[in-house]
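**Student:** Before I ask anything, let me first share the structure, which is written out below as structure tokens.
Just so it is clear, none of the values below were taken in a lab; they were calculated from the coordinates. It should be emphasised that the depicted structure is a prediction, and the values quoted were computed from it without experimental measurement. Virtual Cβ from ideal backbone geometry, glycine too; neighbours counted across all protein chains shown.
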Amino acid sequence: MSDIEKHVSQLGGASEIAASPELAALERVPNPHVDCDYVARFTCPEFTSLCPVTGQPDFAHLMMDYVPGEWLVESKSLKLYLGSFRNHGAFHEDCTVAIGKRLVALLEPKFFRIGGYWYPRGGIPIDVFWQSGDLPGGVWLPAQDVAPYRGRG
């Protein structure tokens, strides 16, 4: 069994999306480059959750950047975890910050940030930003460059 196989259970086969984020299996693998600092970025341009009041779908463009320590997030488990929000009712702020906190708890990164660029609810777009840790010196952190919502104008 490889070092990676010791840490993952969802690779190599069909996987179900969990009924809720609390039930989703978010997994990590060893960082093969612990000797240097670098940024890993995950972008989810079609994130969905539900409004906790109306049950209507909410849509966001999520961008997550982190400087790994000993662990990397396993990308299939991240995709399935994010998919588990499709039937989860929570406000934009709660979804964005909860994703960040769960990833930080799992990975213990040197630096983490998440930008949640939400499409309008009630005519108002809500963008949510959360960060943990300080960016190590000398690390290039690209701008997220997600344009603010401007409608059809």
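**Student:** How about the stretch 78-151: which chymotrypsin sites (Phe, Trp or Tyr not before Pro) there are in a DSSP loop, with at most 10 other Cβ atoms within 10 Å of their Cβ? List each step's numbers first, then the result.
**Tutor:** On the way: sites: Tyr81, Phe85, Phe91, Phe111, Phe112, Tyr117, Trp118, Phe129, Trp130, Trp140, Tyr149; in loops: Phe91, Trp140, Tyr149.
Loop-located and lightly packed - Trp140.
**Student:** Based on the Cβ-Cβ distance from Asp94 to Ala40, what FRET efficiency comes out when R0 is 35 Å, to the nearest 0.05?
**Tutor:** After rounding to 0.05, the efficiency reads 0.90.
**Student:** Moving to a separate point now. In the stretch 85-125, which residues have a backbone nitrogen under 20 Å from the label point lying 7 Å from Leu141's Cα in the Cα-to-Cβ direction?
**Tutor:** Answer for this model: 96-118.
**Student:** Run through every distinct alpha carbon pair of the chain and return the Kirkwood hydrodynamic radius in angstroms, one decimal place.
**Tutor:** Result for the chain stands at 16.4 Å.
**Student:** Can you compute 3J(HN,Hα) from phi for each residue in the stretch 77-85, using the Karplus curve 6.51 cos²θ - 1.76 cosθ + 1.60 with θ = phi - 60°, rounded to whole Hz and x for Gly and Pro?
**Tutor:** 5, 5, 4, 5, 4, 5, x, 5, 7
**Student:** Report the gain in length on full extension from Ser15 to Glu108: 0.36 nm times residue separation, minus Cα-Cα distance, nm rounded to one decimal.
**Tutor:** 30.9 nm
**Student:** Now a separate question. Using the Karplus curve 6.51 cos²θ - 1.76 cosθ + 1.60 with θ = phi - 60°, what ³J(HN,Hα) values do you get for each residue of the stretch 59-70, in whole Hz, with x for Gly and Pro?
**Tutor:** Residue by residue, the stretch 59-70 yields 10, 8, 10, 9, 9, 10, 10, 8, 9, x, x, 7 Hz.
**Student:** To continue, here is another question. Rounded to the nearest 10 degrees, what's the angle between the helix 92-107 long axis and the longest principal axis of the chain, both from Cα atoms, 0 to 90?
**Tutor:** 0 degrees
**Student:** Follow-up. Going through the stretch 18-81, which GluC sites (Glu not before Pro) have at most 15 other Cβ atoms within 10 Å and a DSSP loop state?
**Tutor:** For GluC sites (Glu not before Pro) across the stretch 18-81 that sit outside H, G, I, E and B with at most 15 neighbouring Cβ atoms in 10 Å, the list reads Glu70.
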